[in-house]
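Undergrad: Here's a structure for you.
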Amino acid sequence: QCHYSMKKAASFLGIGTENVYFIKTDERGKMVPEELEKQVQRARKEGSAPFLVCATAGTTVLGAFDPLDKIADICEKHGLWLHVDASWGGSALISRKHCRLLHGIHRADSVAWNPHKMLLAGIQCCALLVKDNSGILKKCYSAEAAYLFQQDKFYDVSYDTGDKSIQCSRRPDAFKFWLMWKALGTTGLEERVNRALALARYLVEEIKKREGFRLLLEPEYANVCFWYIPPSLRKMEDGPEFWQKLHQVS
């Protein structure tokens, strides 16, 4: 259920996609903590050195939220870095009604969040939030280009991300989110989240009323997954033949 970028990142970093261990999920698309524990043990028996767990808060298809507290317990037990991909679901934190979905996210070492998704900021607008305040990003990425990153600027250079990321020159993506936040306020952003989830709930109820539509599961977030069953298949019983034909037309 995790985003495909996890495998791409492993490839780009030279770790290799064969060293990415996938964890089983339950019927709602949530990571199963017990399976995570098993895979950590398996990796070590195979001679690997686990160092990172990527949990998801709001998966792409089902909108599932992994049990962050239980995952954090395992990460602390084994000394693993916990990254939470909250690109889609992170905006729920702004809603007092729905922030419970991210219970335990405060225990993450790093979090990815995309305001350009649920909050409708202009693409692209992304944030990487890191708990470590010792300058870890600079330690990882700095090339110490003295001709460019001087310390005698008229502003606080600690906010300059040029020497703390892969790319140097970049658009001020955070500025458009700041402007939107100033214009709408926290309450306005909260209303966007609440409305999106309310509309998802409305769609679910409408699907239930209509013949020929089958809800995959009750949504946890704004993702509503359903099947459209064409008239020719509506009287067929569930089974391999039914699903094979449904996949052909859908």
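Just so you know, all these numbers are worked out from the coordinates, no wet-lab data involved. Since this is a predicted model, take the numbers as computed values, not measurements. Using ideal geometry, Cβ is built from the backbone for each residue, glycine included, and neighbour counts are taken over all protein chains shown.
Undergrad: To the nearest 10 degrees, how steeply does helix 173-209 sit against the main Cα axis of the chain, on a 0 to 90 scale?
TA: That works out to roughly 10 degrees.
Undergrad: Can I ask one more? Quick one: LEU217, LEU119, fewest Cβ neighbours within 10 Å first, how do they rank?
TA: LEU217, LEU119
Undergrad: With everything on Cα atoms, drop me the angle between helix 33-45 and the longest principal axis of the chain, reported from 0 to 90° to the nearest 10.
TA: 60
Undergrad: From the phi angles alone, apply the Karplus equation (6.51, -1.76, 1.60; θ = phi - 60°) to region 140-151 and give each ³J(HN,Hα) in whole Hz, x where the residue is Gly or Pro.
TA: With the stated coefficients, region 140-151 comes to 7, 10, 4, 9, 6, 6, 4, 5, 10, 9, 7, 8 Hz.
Undergrad: If you take every DSSP beta bridge whose two residues both sit in the chain, what share of them, in percent to the nearest 5, is antiparallel?
TA: Of those bridges, close to 55 percent are antiparallel.
Undergrad: Here's another thing I want to ask about it. Can you list the chymotrypsin sites (Phe, Trp or Tyr not before Pro) in region 121-187 that are in a DSSP coil and have 11 or fewer other beta carbons within 10 angstrom?
TA: When the chymotrypsin sites (Phe, Trp or Tyr not before Pro) of region 121-187 are filtered for loop state and at most 11 Cβ neighbours within 10 Å, TYR147, PHE154, TYR155 remain.
Undergrad: Scanning the chain for GluC sites (Glu not before Pro) in DSSP loops with at most 16 other Cβ atoms within 10 Å, what's the longest stretch left with none?
TA: After excluding every exposed loop site, the longest remaining stretch is 47-143.
Undergrad: Hey, what did the chain get for relative contact order, percent, Cα under 8 Å, at least 6 apart?
TA: 14
Undergrad: Here is a follow-up. With springs connecting C-alpha atoms under 10 Å apart, model the chain as a Gaussian network and identify which of LEU128, LEU82, LEU101 has the largest mean-square fluctuation.
TA: Maximum among the listed residues: LEU128.
Undergrad: Using a 10 Å Cβ count of at most 13 others and DSSP loop calls, identify the longest part of the chain lacking such trypsin sites (Lys or Arg not before Pro).
TA: 25-95
Undergrad: Determine ³J(HN,Hα), in whole Hz, for all residues of region 119-135 in sequence, where each value follows from phi through the Karplus function 6.51 cos²θ - 1.76 cosθ + 1.60 and θ = phi - 60°; x replaces Gly and Pro.
TA: 8, 6, 5, x, 5, 9, 8, 10, 9, 10, 9, 10, 6, 4, 10, 8, x
Undergrad: Sort SER5, SER91 so that the residue with the fewest other Cβ atoms within 10 Å of its own Cβ comes first and the one with the most comes last.
TA: Fewest-to-most Cβ neighbours within 10 Å comes out as SER5, SER91.
Undergrad: Something else now. If you place +1 on the Cβ of every Lys and Arg and -1 on the Cβ of every Asp and Glu, how big does the dipole about the Cα centre of region 43-139 come out, in debye to the nearest 20?
TA: 160
Undergrad: Now for a different question. Going by amide H atoms built from the backbone, whose H comes under 5 Å of the H on LEU217, apart from near neighbours?
TA: Result for LEU217 returns CYS225.
Undergrad: I need the phi-derived Karplus couplings for region 20-30: 6.51 cos²θ - 1.76 cosθ + 1.60, θ = phi - 60°, integer Hz, Gly and Pro marked x.
TA: Taking θ as phi minus 60°, the curve returns 8, 9, 8, 10, 4, 10, 7, 5, 9, x, 8 Hz for region 20-30.
Undergrad: Take the alpha carbon atoms of region 91-127, find their center, do the same for region 203-250, and report the distance between the two centers in whole angstrom.
TA: Rounded to whole Å, the Cα centres lie 30 Å apart.
Undergrad: Hey, another quick one. What 222 nm value per residue comes from the helices of the chain, counting each DSSP H run with n ≥ 4 as -39,500 (n - 2.57) and dividing by all residues, nearest 500 deg cm²/dmol?
TA: -11000 deg cm²/dmol
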